[in-house]
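The structure appears right after this line, and notes come after that.
The values are calculated or read from the model by the stated rules, or taken from the named source; none is laboratory data. Every value quoted in this text rests on a predicted model; they were computed, and no experiment measured them. When we count neighbours, we look across all protein chains shown, and the Cβ atoms used for this are built from the backbone with ideal geometry, even at glycine.
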Amino acid sequence: MVVDRIAFREAMAHLGAAVSIVTTNGPAGRCGFTASAVCGLTDDPATVIVCMSRSSKQNAAFKENGVACINTLTSKQQDLSDIFAGRRNLSMPERFAAATWSRLVTGAAVLDEALMSLDCQIAQTNDIGTHSLFVCHVIALTPARNESALIYFGRAFHEVRNPALSS
């Protein structure tokens, strides 16, 4: 039995997810994109999964560079999410100019004001249907900040408050 594509997309719109900007840097250049398809896989070794459309102009750069940094956004960074999603029609250098960045180990851009960042080596890539699945080993990270998170649910952005901020 084949599940209807539209029904599946509607179901996935009700699967809330953190919003991240995923970056890379290396021989294929520096670039980044907005992602909500990021998931922890295992803590030993620390590994996450990132999914990206195979039609993305940046897909080849991530495969060639072999590194990625997942920068999870705070609720105050929705504009940055839109910028890296390509909604502002800006060049890649203009997108990066919209925030302050540093580096950890891989050389991929680490968003200085991110909720938290995971600096990764891409260990495996699989193309499945319309997307590429990147299995990423975390080799460095920034501690989580005490801020609210930006979540995408029901085709809209939402703030999820950190319970520690309520006290």
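R88 satisfies every condition listed in (1) assigned to a strand (DSSP E or B); (2) free of Cβ contacts under 8 Å to residues at least 12 places away in the same chain; (3) within 19 Å of F157 (Cβ to Cβ) except (1). Tell me, yes or no, whether segment 137-148 has at least one residue that is crowded, with 16+ Cβ neighbours inside 10 Å and among the hydroxyl-bearing types (S, T, Y). Scanning segment 137-148 turns up at least one residue that is crowded, with 16+ Cβ neighbours inside 10 Å and among the hydroxyl-bearing types (S, T, Y).
For the subset of segment 88-109 comprising residues that are under 20 Å from S55 (Cα atoms) and within 16 Å of the chain's Cα centre (by Cα), which member is surrounded by the most Cβ atoms within 10 Å (Cβ to Cβ)? Outline the logic, then answer.
Filtering segment 88-109 for residues under 20 Å from S55 (Cα atoms) gives 88-92, 95.
Narrowing further to those that are within 16 Å of the chain's Cα centre (by Cα): 92, 95.
Details: M92: 16, R95: 22.
Result: R95.
Evaluate segment 16-28: report whether one residue or more is of a type in the set (V, I, T), in contact (Cβ under 8 Å) with a residue 60 or more places away in the chain and not in a strand (DSSP E or B). Working first, answer last.
Filtering segment 16-28 down to residues of a type in the set (V, I, T) leaves 19, 21-24.
With the extra rule that they be in contact (Cβ under 8 Å) with a residue 60 or more places away in the chain, the set shrinks to 19, 21, 23-24.
This time we only want the ones that are not in a strand (DSSP E or B), so: 19.
Within segment 16-28, one or more residues are of a type in the set (V, I, T), in contact (Cβ under 8 Å) with a residue 60 or more places away in the chain and not in a strand (DSSP E or B).
Among the residues of segment 32-43, write down those that are among the small types (G, A, S) and either without any contact (Cβ under 8 Å) to a residue 40 or more places away in the chain or in a strand (DSSP E or B) (or both). Once the filter is applied, which keeps residues that are among the small types (G, A, S) and either without any contact (Cβ under 8 Å) to a residue 40 or more places away in the chain or in a strand (DSSP E or B) (or both), segment 32-43 yields G32, A35, G40. Do we have any residue at all in segment 59-66 that's at positive phi and in contact (Cβ under 8 Å) with a residue 12 or more places away in the chain? Checked segment 59-66: at least one residue is at positive phi and in contact (Cβ under 8 Å) with a residue 12 or more places away in the chain. Cβ separations smaller than 9 Å between residues 6+ apart or across chains give the following pairs from segment 1-15 residues that are closer than 16 Å to R155 by Cβ to residues that are charged (D, E, K, R): A13/R155.
Only one of these is under 16 Å from the mean Cα position of the chain (by Cα), at pLDDT 95 or above and of a type outside the set (A, V, I, L, M, F, W, C): G26, G40. Name it. Talk me through it step by step, then tell me what you get.
Working: G26 fails: under 16 Å from the mean Cα position of the chain (by Cα).
Checking each option against the conditions leaves just G40.
Filter segment 64-84 for residues that are closer than 22 Å to G26 by Cβ and exposed (fewer than 15 other Cβ atoms within 10 Å of the Cβ) and give the result. Answer for segment 64-84, where residues must be closer than 22 Å to G26 by Cβ and exposed (fewer than 15 other Cβ atoms within 10 Å of the Cβ): just E64.
Can you tell me which residues in segment 44-57 are touching a residue at least 60 places away in the same chain (Cβ under 8 Å) and in a loop (DSSP other than H, G, I, E, B)?
Of all residues in segment 44-57, those touching a residue at least 60 places away in the same chain (Cβ under 8 Å) come to 45-55.
Residues satisfying the conditions are P45, R54, S55.
Criterion applied to A114, A60 was being at pLDDT 95 or above, of a type outside the set (V, I, T), buried (at least 17 other Cβ atoms within 10 Å of the Cβ) and not in a strand (DSSP E or B), and the one residue passing it is A114.
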